[in-house]
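First the structure, in the form of structure tokens, and then the observations on it.
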Amino acid sequence: MLIYEYNSVSAVLKKFLSDRKDRNPRYSMRAFARDLKMSPSALSEIISEVHDLSPARASEIASFLSLSPHQADYFKALADLGAAKSPAEISAARTNLDRFSMQSPEVQISKEQLDIYGSWETLTLLEALKLRDSARTIEWLSEATGIESTRVSELCQVLCKHEFASQDSDGRFTALRERSSTVAPGGKRPESTIRNFHGRILAKASEAIDEQSLSERDFSAMIFATSSKQTPEVIEAIKTFRRTVMAAGEGFDESQKDSVYCLSVQWFKLTK
């Protein structure tokens, strides 16, 4: 699981608990607390944000959750921010948290794989596998997403090969929830595949303007003069907004998920 989309210890723990419930409907908060070696009431208070998780316990929990070193550091940074009290402590904790990019180094992959995973089609298929009452066959996925069946078959087989998904004997595919559906290229400049990805997303947005009603989608844009020095602050605010929306969307009960949506945010200059 990619935890960088979550901006609090509570959100991360909720996600891990939800994933365990998906795999075992009988798994409970009490069972999760037992596995984390804490009382159910203590875990409930941390998840409901009544109490903060201490940095020391954060290290122990990160180990139990099998987080990578980079993910563990991010989780501990979230705990530090939650436990910070004074303005100086809060400022230091935020500065530390700002070191982490939304894209982790663990999900940087080869150029060959990027050609597959850096597409709107693949990410849409992965999310479609999580929808309620879905047949999750090639035919169903093709009809639900509008992607040609031959392309769906190609992508699903590659996803299975790299363990992003699995296929059972009846031809039904299942997303492996611990795998990330977010892909980031290495380097400071975006590779052509990523540029193409965003171009295709903008094209899909253009289609939605004509094909979807106002009740199904939302488009807004603001044009204003500001200082270019504000760009880092604006980008950080956008990251926080994306994490919040992602946490809210993924927090829905699995039985309520019936559609795949795209949230796309742009920030760019209109003057030379």
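The values are calculated or read from the model by the stated rules, or taken from the named source; none is laboratory data. Since the model is a prediction, treat every value here as computed from it, not as a measurement. Positions of Cβ are backbone-derived with ideal geometry, glycine not excepted, and every protein chain shown enters the neighbour counts.
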Exercise for the section: Tally the residues that are within 14 Å of Ser119 (Cα to Cα) and in contact with a Cys (Cβ under 8 Å, 6 or more places away or on another chain), restricting the search to segment 141-161. Expected result: 0
Problem - Positions within segment 190-230 being more than 26 Å from Lys272 (Cβ to Cβ), in contact with a Leu (Cβ under 9 Å, 6 or more places away or on another chain) and surrounded by fewer than 10 Cβ atoms within 10 Å (Cβ to Cβ), in sequence order - result: none
Practice task
Return the total of residues in segment 36-77 being more than 24 Å from the chain's Cα centre (by Cα), assigned to a helix (DSSP H, G or I) and surrounded by fewer than 14 Cβ atoms within 10 Å (Cβ to Cβ).
Solution key: 2
Exercise for the section: Scan segment 177-191 and give yes if some residue there is modelled with pLDDT of 75 or more and out of contact with any strand residue (DSSP E or B) (no Cβ under 7 Å at 6 or more places or on another chain), otherwise no. Expected result: no
Handout entry: Total residues in segment 5-35, condition among the polar types (S, T, N, Q) and over 21 Å from the mean Cα position of the chain (by Cα)
Key = 2
Exercise for the section: State whether the residues of segment 258-270 include one that is touching a Ser or Thr at 6+ places or on another chain (Cβ under 7 Å), of a type in the set (A, V, I, L, M) and at pLDDT 90 or above. Expected result: yes
Completion exercise
Quick count over segment 77-98, residues being polar (S, T, N, Q) and in contact with a helix residue (DSSP H, G or I) (Cβ under 7 Å, 6 or more places away or on another chain), is 1
Practice task
Test each condition in (1) modelled with pLDDT of 60 or more; (2) over 20 Å from the mean Cα position of the chain (by Cα); (3) on the phi < 0 side of the Ramachandran plot for Lys111 and report the one that comes out false.
Solution key: (1)
Exercise for the section: Could you tell me whether Thr137 is surrounded by 17 or more Cβ atoms within 10 Å (Cβ to Cβ), farther than 22 Å from Ile201 by Cα and at pLDDT 75 or above? Expected result: yes
Handout entry: Subset of segment 11-46 (residues that are touching a Gly at 6+ places or on another chain (Cβ under 8 Å) and of a type in the set (S, T, N, Q))
Key = Ser18
